[in-house]
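Student: One structure follows; several queries about it will come next.
Bear in mind that the values in this text are calculations on the coordinates, not laboratory data. Keep in mind that this is a model prediction, so the values were computed, not measured. No Cβ is skipped: glycine too gets one built from the backbone with ideal geometry, and neighbour counts run over all protein chains shown.
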Amino acid sequence: MRFTTVYRKLYRQHGPQHWWPGETPFEVMVGAVLTQNTAWSNVEKAIANLRSARLLDAAAIIRTSPARLAKLLTPSGYFNVKARRLRSLCAWYVEQGGFDALNRRDTPCLRAELLAQHGIGPETADDILLYAFERPVFVIDAYTRRLFGRLGLIAGNETYEVLRAGMERRLARSDDRIALFNEFHALIVVHVKDICRPRPRCDSCCLARICPSAQK
DNA sequence: ACCCAGGGTCATA
DNA sequence: TATGACCATGGG
């Protein structure tokens, strides 16, 4: 079983996803922080709050008081934690000169910089790299582990770096890796949300024939 | 009344 | 390296 086969089946069932949901690269970064262990429906409410407060802007966020920022982030949960993380990320973003300046750096350098920011772990960093800076980085998340684990393609307890490097190596010769990684991660998320949930609905799953845990 | 969600940090062993 | 506590809201 090849990962490209999984991708093809997912794409045939769910179609193109046009991710990330977000108007600008900066909004993508904000969403990546707010969605940490949180349902996207909740993140949407918080982003809407920021938009109506005209705070979808790094410099504007820094000027806002932490208390006000936290209040606007209430719907997305962990609002005190996320207010601090968002503020420090914005401070870095502005200090570094904004999107265009950051975008001139190569991917390993940018990735290391992101990981050095407080509250930015491997998945959040890779969401930002792939969907805001359009770099060919394969994002690993809980859904990726669950799906590939159910398919028997991974054990599930590998470290983040092992999985990411492994996927990027296997897909190294694909022609448009940015577009592929973009769609692949999006398809995994929608597929697991709809079908491969904690209680799977394997009857309506395009991968049922190749999925060991779908056999009854 | 549960369980779950597109993680990350920190303390501990 | 690996586990556990903690952060918190909203939908099923």
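Student: Note the per residue figure in Å³ for the convex hull of the C-alpha positions in region A:25-131.
Tutor: Working: hull volume 9.2 nm³, N = 107.
Measuring per residue, one finds 86 Å³ for the Cα hull of region A:25-131.
Student: What ranking do A:Ser41, A:Ser76, A:Ser213 get, fewest neighbouring Cβ atoms within 10 angstrom at the top?
Tutor: On the way: A:Ser41 9, A:Ser76 24, A:Ser213 13.
Exposure proxy ranking, most exposed first: A:Ser41, A:Ser213, A:Ser76.
Student: Another question, if that's okay. For chain A, build the charge dipole from Cβ charges (+1 Lys, Arg; -1 Asp, Glu) around the Cα centre, then report which of A:Ala58, A:Pro108, A:Cys196 sits farthest towards its positive end.
Tutor: A:Cys196
Student: Could you work out how much longer the chain between A:Glu134 and A:Ala53 gets when fully extended? Use 0.36 nm per residue separation minus the Cα distance between them, nm to one decimal.
Tutor: Working: separation 81, 0.36 × 81 = 29.16 nm, distance 2.78 nm.
Separation in residues times 0.36 nm, less the Cα-Cα distance, equals 26.4 nm.
Student: Also, quick follow-up: Sort A:Phe148, A:Phe99 by Cβ crowding within 10 Å, fewest neighbours at the top. Write down the numbers at each step before the final one.
Tutor: Details: A:Phe148 20, A:Phe99 15.
By the 10 Å Cβ count, ascending, the order reads A:Phe99, A:Phe148.
Student: Rule-of-thumb check for region A:67-127: C-alpha Rg over 2.2 N^0.38 Å?
Tutor: 1.21
Student: Oh, and also: Which of A:Thr159, A:Ile210, A:Ala172 sits closest to the plus end of the dipole of chain A, meaning its Cα is farthest towards the positive end, when Lys and Arg get +1 and Asp and Glu get -1 on the C-beta?
Tutor: A:Ile210
Student: Also: Students often get this wrong: which residues of region A:1-40 have the backbone nitrogen under 15 Å from the point 7 angstrom along Cα-to-C-beta of A:Ser204?
Tutor: Under cut-off, by backbone N: A:13-15.
Student: Can you give the alpha-carbon Rg of chain A over 2.2 N^0.38 Å, where N counts its residues?
Tutor: 1.06
Student: What's the percent breakdown of Cα-Cα distances in region A:120-216 across 10 Å bins, shortest bin first?
Tutor: Going from the shortest bin to the longest, the percentages are 15, 46, 32, 7, 0.
Student: Also, I was wondering about something else. With +1 on the Cβ of every Lys and Arg and -1 on the Cβ of every Asp and Glu, and nothing else charged, how large is the dipole of chain A about its Cα centre, in debye rounded to the nearest 20? Mind dumping the intermediate values first?
Tutor: Numbers: 32 positive and 21 negative charges, 156 e Å.
Charge dipole, chain A, about its Cα centre: 740 debye, nearest 20.
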